[in-house]
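Heads up, the thing below is written out as structure tokens.
Each value in this text was obtained by applying a stated rule to the coordinates, not by laboratory testing. Note that the structure is a prediction, hence the values are computed from the model and not measured. Note that each Cβ is placed from the backbone with ideal geometry, even for glycine, and that neighbours are counted across all protein chains shown.
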């Protein structure tokens, strides 16, 4: 297991190049979406979502713009179906994502994760960062809100676990790992949320703890939303289409683990 501090040498150049406007513009536009189908639970302290036909497990909301979010049997992690998130390309803001409402405060220990499949050639199609799992507090703070979660940086083609703000950009690079194409990988994060010395962030890959950090991992304000999928990309820079698959989405207070 690798223990990390606040900014890896690999990340430094990419970090400096990422202004808040460059990546966040696509994230804060069009913050509305369609409600999830009937059967969505009002209790979102924890959830595990699959994509089998007839399943009662649901996101609270689905957001799609210049892309699509469907279920498919093309690539399957468990069961018979997974979610397919697609951005159509062209440079306009776009996303294909599912959303939960949460209420995470400083001192809470929380988990969130999903299995992802990146088709061969995904990294070559990236023309900017792509967010995979992101928490925020947009409802209360809008463009001044906080963000955190997993993002792929095109600059180094690695998946980074970050925290920061919509108007501040990414302020902390907590952990990172290589992007793997052509096979499923289950990524799960456990965080003890804190602005100081009590913070803990752990990253699990296929059920194994691979990295941890004790750097501060939130601002102190309540976290209100959690999103999965093709959460956002580099609007204005991303001209090529993008497709990824995801499954076994979860959040809660204990690790859910892989299949």
Order by protection proxy (mean Cβ within 10 Å, highest first), peptides 202-208, 162-168: 162-168, 202-208
With a ≥ b ≥ c the root eigenvalues of the C-alpha gyration tensor of the stretch 49-90, is it rounded (a/c under 1.5), prolate (a/b larger than b/c) or oblate? oblate
By average Cβ neighbour count within 10 Å, what is the ranking of 244-250, 70-76 from highest down? 244-250, 70-76
Cβ neighbours within 10 Å, averaged per peptide: list 230-239, 97-106 in order, most packed at the top. 230-239, 97-106
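With a ≥ b ≥ c taken as the square roots of the eigenvalues of the C-alpha gyration tensor of the stretch 65-216, please select rounded if a/c is under 1.5 and otherwise prolate if a/b is larger than b/c or oblate if it is not?
Details: a/c = 1.61, a/b = 1.34, b/c = 1.20.
Prolate, since a/c reaches 1.5 and a/b exceeds b/c.
Once you have a ≥ b ≥ c as the square roots of the Cα gyration tensor eigenvalues for the stretch 135-194, tell me rounded if a/c is under 1.5, and otherwise prolate or oblate according to whether a/b is larger than b/c. Let's see the in-between values first.
Values: a/c = 2.22, a/b = 1.79, b/c = 1.24.
Prolate is the answer for the stretch 135-194, as a/c is 1.5 or above and a/b outweighs b/c.
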